[in-house]
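Got a structure here, written out as structure tokens. Questions coming.
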Amino acid sequence: MPSVNIAGQNLGVYIQVPFCQSKCSYCNFSTGVFPREIFEPYVDAVCREIAEHEELYRRAGLAAWQQQPRFAAETIYLGGGTPSLLEPGDLARLLDAVRQAFGNAAAEITLEADPETVSVEKARAWRSAGFNRISLGVQSFADTELKAVGRRHRRADIFTAIERLEAAGLGNVSFDLIAGLPHQTAETWQSSLGELLRLKPRHVSIYLLELDEGSRLGREALGGGRRYSVPALPDDDQAASFYETACARLAAHGYEHYEISNWALPGFRSRHNLKYWRREPYLGFGAGAHSFDGGERWANTHDPVVYAAAMLDAHLVLDERETVDRGQALEEELFLGLRQLEGIELAPIERRYQVNLDERVRPLVDEGLIEMNEGRVRLAPSRIAVSNEVFVRLLD
Amino acid sequence: MDPQFIRNFCIIAHIDHGKSTLADRLLELTGTLTEREMTAQVLDSMELERERGITIKAKTVRLSYKARDGHVYRLNLIDTPGHVDFSYEVSRALQACEGALLVIDASQGVEAQTVANTFLASQHNLAIVPVINKVDLPAAQPEQVKQQMEAVLAIPSEDTLEISAKTGLGVPEVLEAIVRRIPPPAGSSDAPLQALIFDSWFDSYRGAIVLVRVTQGRLRPRMKIRMCGVGLEAEVEEIGTLVPKPVPLDELGAGDVGYVIANIKRVADARVGDTIVDADRPAPALPGFEAIKPMVFAGLFPVNSSDYENLRDALGKLQLNDAALFYEPENSTALGFGFRCGFLGLLHMDIVQERLEREFNLDLITTAPSVRYRIGRRGAGTVEVDNPTKFPPPAEIERIEEPVLRAVIITSDESVGPVIQLCEEKRGVQKNIEYLSPTRVMLTYELPLNEIVLDFYDRLKSVSRGYASLDYQLAGYREADLVKMDILVGGEAVDALTMVCHRDQAFDRGRELVTRLRKLIPRQMFEVPLQAAIGSRVIARENIAAMRKNVLAKCYGGDITRKRKLLEKQKEGKKRMKRVGRVDIPQEAFLAVLRVGAGEE
């Protein structure tokens, strides 16, 4: 692989905080419940990783260390897990470390927060630490649904959290909702959407519940069991209807559907998440964090204890590491690019990869799966919910 | 050796009644093998067996026995295959003998294979030495078994020996009975050569190794011989006997049994049932040589179309050693390029399939087994059709005949109801029902082979809780009101799903099949109708609704690798499916036909 030069590009910085108060039944992410005592040493370790990332990358043989001039962070995103569990002082330390290493210019600094963790004091502290965007794990406005999957907050906590955030000057909030939760019905879904639209967050992410071996709920459902409210799960068709309803209602309220799972009021698209779809570079810090420097993808060990111990010893432990070859890169351009509903220009991609994509794209256009307009292709709006079928066809 | 001191015999028994234990004991008692050698020998022969696979159809071993009359006898033990698929080979092995040991388990009693084998042995005029085995076991009921034998097999009680092959009890009497009750072979060594081939297998160094029974005349090295049926001539390189390892000899005389190696390249040139004669002084061929007729047919298709050539090579290699395997190229719109294969029966099919998958590492889709129908066409004579897709259009068909079997089923009296019900469901015609004892019933049915090839045996075992035993033989052709049923997926007939069934069953089977397929074929991007049709008449219909959800929602902190892997996995899954029109059909769907008519799962 030719070395990629991404210097000067604007970087996304991701920090992973893999701690939760309890594990939700649908969670297929490597997070867990850890004693609070480990929070501080963990933050120390992440600060060290950020500060010494060039040396750590060099030792791990990652090409990213050679970037000159140094990366400048355009976005910072603290995800989890539940990063809002950390002491505000620890969060501030993390942001300081990023500024030290990647400059002061970050325009979008997001913190993921669960509604029940938002206190007046914390909200203020987040604001003064520099966060300017909160991604709130709402998931649903129906208590039955929240309870069934083991969320700790209830409907009332959402309203309280919003009030406190706004009072602290954190009005730029994104809501997460999940379609397909146990006990969800057309009525409860409509009502959750209704509540969301009344609160009118700047940004909305809607996820379709995934049932896979990675979560307790998924394992139970796939294994034919009945625990974790499996019998109350809506089926795929219902979940698809929920998603379609959301598309219609959000559009009617002025939201732009800019990515399969994401909607924003004009001017409030998530700049950080867009980097993933546009194959722009991002560096992830913390246990389980993923990075991409334009040529190589890697992920830190997901185990926070192993991670922190390795940091004490000043070396990285990687779970995954992969050089994206040319063919894979082209595939990514297509299946990541097409997640953005405005679509992609084919000509620049064809030039960059010296390919003719007509043969790959044409049959899908003929079948009505994607639309082509003056060299720009996009997912057909009616096929968004089955987009994997389209992407699979684009793989070589 | 003077033929009057030769005895040629086989052992016939139902499975697990102790045939091989008795054979081992005979080898040991006659000093053919010492106990230590036996262990070694068993290992060797397993090695060989693995190498030879299913073509171990008959083994033979020469025993030397000093009888109580003071003479030394040469006893040729000819082993016979234990499965109805190989009934022709069994009949040729019996043809090579003058007598048979009939072994019956003292607690199990007469079973279906016992009846069928005894019947075959009497057809060949063999002297039968009845032996009740395992009399040492607590559950042994030798008196009742004797009664059954008298009643069912017409074997007088006083002739029956009681033994335990395991402990050796009574086995010396078996050896004496062989000498006294089985007649010596007739035929003169001075007459022109006639030798019956009753087994052959392929050795990669020496070519076909052929087992023969010399009926008259002599076989010697460097003789020029001719295989009458095949017409091939060859020069004998080596002859010998198996004791059980091969020992070369100078001559095989009339009445004797041994092997011949004559630089024959393929087992197909030394076919079981053929007669070897002296090319310079040819005697007439022995009666009973039959061309091998496959009974069961199925399409074998590689899952990956790129494996087609490998499949062809593999079939060619198997055929070197298995003259009964028949194949020709077949092209399916659903499954691509493959081979239509003919087999002696279901076991033979299973074995071939397994060897292709295990030894040649091929991933195969096998279509539902079919039989060979005789179809009378209006004004156009009769055709034989073994592939349902090749059926003439209904308007051209005047009559259809299907192969039927005469099946003997022995079961417990509690299960006789369900067994009869099963036979009726499978279009059987009852020929006889007989109580062997107050708790055991023997049923004789004429059953269509096409019903047997699906799942008859498994279901018989299940409705009788494992009790019933089954044996059958081909009983000719019978006219039946059969129809070809097509399955249409997304409006296109899928040739690999086409089946032939009785008109009265068509509606139920069609409904069952489309219902199964609806569960097996994943939802596609559009609605897919599934139809079962006879000619242009649709008799059952289901719909697979269009897929509505297959989307990757969340991107956890930029984990793109996971997303790509998930898509790649979906892509792999699709690759393993077969595309008909625009519909991707998984392999399991093609196996659904196999289970139709099996009732509830």
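The values are calculated or read from the model by the stated rules, or taken from the named source; none is laboratory data. Since this is a predicted model, take the numbers as computed values, not measurements. Reconstructed Cβ throughout: ideal geometry from the backbone, glycine too, with neighbour counts over all protein chains shown. Just the protein is used for accessible areas: all its heavy atoms, side chains included, with ligands, DNA and RNA removed. Shrake-Rupley method; radii C 1.70, N 1.55, O 1.52, S 1.80 Å.
With every protein chain present, what accessible area does B:Arg478 have (1.4 Å probe, heavy atoms only), rounded to the nearest 10 Å²?
50
Are there any residues in region A:286-313 with a reduction of at least 50 Å² in accessible surface when going from the isolated chain to the assembly of protein chains? Probe 1.4 Å, please list them by number.
A:His290
Once you have all Cα-Cα distances for region A:10-277, histogram them in 10 Å bins from zero and send the whole-percent values.
For region A:10-277, the binned pair fractions read 7, 28, 34, 22, 9, 1 percent.
Continuing with the same structure: Label B:Leu591 and B:Glu173 with points 7 Å out from Cα along Cα→Cβ: what is the distance between them in nm?
5.1
While we're on this one: Dividing the Cα radius of gyration by the Kirkwood radius, what Rg/Rh value follows for region A:8-150?
Values: Rg = 16.4 Å, Rh = 16.3 Å.
A ratio of 1.00.
Treating the beta-carbon of each Lys and Arg as +1 and of each Asp and Glu as -1, no other charges, what is the dipole magnitude of the protein assembly as shown about its Cα centre, to the nearest 20 debye? Walk me through the numbers on the way to the answer.
On the way: 120 positive and 141 negative charges, 338 e Å.
Approximately 1620 debye in magnitude.
Additional query: So, for region A:10-277, what is the accessible surface per residue at a probe of 1.4 Å, expressed in square angstrom?
Values: 10110 Å² over 268 residues.
For region A:10-277, the per-residue accessible area is 38 Å².
What does the charge dipole of region B:125-192 about its Cα centre add up to, to the nearest 20 debye, if the Cβ of each Lys and Arg holds +1 and the Cβ of each Asp and Glu holds -1?
Working: 5 positive and 9 negative charges, 33 e Å.
Here the size comes out at about 160 debye.
From the residues B:Val171, B:Ala395, A:Leu78, which one has its Cα farthest along the dipole of the protein assembly as shown in the positive direction, the dipole being from +1 and -1 charges on Cβ of Lys/Arg and Asp/Glu about the Cα centre?
A:Leu78
For chain A, what relative contact order do you get, as a whole percent, if you take Cα pairs closer than 8 Å and at least 6 residues apart?
Dividing the mean separation by the residue count of chain A yields 17 percent.
Also, quick follow-up: Kindly flag which residue pairs out of A:Lys122/B:Lys549; B:Lys146/B:Lys245; B:Lys426/B:Lys519; B:Lys224/B:Lys245; B:Lys461/B:Lys569 have an alpha-carbon separation exceeding 28 Å in this structure. Numbers along the way, then the final one.
Working: A:Lys122/B:Lys549 39 Å; B:Lys146/B:Lys245 37 Å; B:Lys426/B:Lys519 26 Å; B:Lys224/B:Lys245 25 Å; B:Lys461/B:Lys569 40 Å.
Pairs exceeding the cut-off: A:Lys122/B:Lys549; B:Lys146/B:Lys245; B:Lys461/B:Lys569.
Which value in deg cm²/dmol, rounded to the nearest 500, describes the helix-derived mean residue ellipticity at 222 nm for chain B, given -39,500 (n - 2.57) per DSSP H run of n ≥ 4 and division by the residue count?
Values: 13 runs with 160 residues, N = 601.
Per the formula, -8500 deg cm²/dmol.
In square nanometres, what is the average projected area of the Cα convex hull of region B:177-334?
Details: hull surface 49.3 nm².
So the Cα hull casts an average projection of 12.3 nm².
A further question on this structure: Excluding residues fewer than 8 places away in the same chain, name every one of the aspartates and glutamates whose C-alpha is closer than 17 Å to that of A:Lys275.
By straight Cα distance, A:Lys275 reaches A:Glu74, A:Glu108, A:Glu259, A:Asp293, A:Glu296, A:Glu331, A:Glu332, A:Glu333, A:Glu342, A:Glu345, B:Asp559.
For chain B, report the % of Cα-Cα distances exceeding 46 Å.
Numbers: 45674 of 180300 pairs.
Every Cα pair in chain B considered, those over 46 Å come to 25 percent.
Additional query: For region B:456-521, what value does the Rg/Rh ratio take when both radii are computed over Cα atoms and Rh is the Kirkwood radius, given to two decimals?
My calculation of the ratio gives 1.08.
Relative to the longest principal axis of chain B, what angle (0 to 90°, nearest 10) does the C-alpha long axis of helix B:171-181 take?
So the helix axis and the longest Cα principal axis differ by about 80 degrees.
By how many degrees, 0 to 90 and rounded to 10, does the Cα axis of helix B:142-153 deviate from the longest principal axis of chain B?
For B:142-153 against chain B, the angle is about 80 degrees.
Just to be sure I understand the curve: with the Debye formula and one point per C-alpha of region A:326-395, what is log10 I(q)/I(0) at q = 0.22, 0.24 Å⁻¹?
-0.92, -1.12
Roughly speaking, to the nearest percent, how much of chain B's 1.4 Å accessible area is carbon and sulfur? Mind dumping the intermediate values first?
Details: 12490 of 25410 Å².
On chain B, the fraction of accessible area on carbon and sulfur atoms equals 49 percent.
If you take each beta carbon of peptide A:387-396 and count the beta carbons of other chains within 10 angstrom, what is the mean? Kindly include the intermediate steps, with their values, before the conclusion.
Values: counts 3, 10, 9, 3, 9, 10, 4, 2, 6, 1.
Rounded to a whole number, the mean comes out at 6.
Straight-line reach from B:Lys293: which lysines fall under 22 Å, measuring Cα to Cα and dropping same-chain residues less than 8 apart?
Filter leaves B:Lys57, B:Lys265, B:Lys317, B:Lys390.
A follow-up question, please. What span do the alpha-carbon atoms of region B:512-568 cover on each of the three principal axes, reported in whole Å from largest to smallest?
Its Cα atoms span 56, 15, 15 Å along the three principal axes.
To continue, here is another question. Keeping all protein chains in place, calculate the accessible area per residue for region B:262-338 (probe 1.4 angstrom), answer in Å².
On the way: 3400 Å² over 77 residues.
Heavy-atom SASA per residue in region B:262-338 reads 44 Å².
Here's a follow-up. Tell me: how much accessible area in total is hidden between A and B, 1.4 Å probe, Å², nearest 100?
Values: alone 17330 and 27280 Å², together 41030 Å².
So the buried area, both faces added, is about 3600 Å².
Next question, about the same structure. For the Cα atoms of chain B, what angle does the longest principal axis make with the long axis of helix B:35-52, in degrees from 0 to 90, nearest 10?
Approximately 40 degrees, to the nearest 10.
Please compute the Kirkwood hydrodynamic radius of region B:70-140 from all pairs of different C-alpha atoms, in Å with one decimal.
Values: mean 1/r = 0.0744 Å⁻¹.
By the Kirkwood definition, the hydrodynamic radius is 13.4 Å.
With the full set of protein chains in place, find how many percent of the accessible area of region A:10-277 is carbon and sulfur; take the probe as 1.4 Å.
On the way: 4940 of 10110 Å².
Of the solvent-accessible surface of region A:10-277, carbon and sulfur hold 49 percent.
Note down the accessible area of B:Lys245, probe 1.4 Å, to the nearest 10 Å².
120
Continuing with this model, one more query. If you count, for each residue, the other Cβ atoms within 10 Å and average over each peptide, how do B:427-437, B:367-377, A:381-391 line up from highest to lowest? Please report the intermediate quantities before stating the final value.
Numbers: B:427-437: 15.2, B:367-377: 20.9, A:381-391: 19.4.
Peptide ranking by packing, descending: B:367-377, A:381-391, B:427-437.
Oh, and also: What is the average number of partner chain Cβ atoms found within 10 Å of a Cβ in A:234-244? Walk me through the numbers before you get to the answer.
Numbers: counts 0, 2, 5, 6, 2, 3, 5, 2, 1, 4, 2.
Whole-number average of other-chain Cβ neighbours for A:234-244 is 3.
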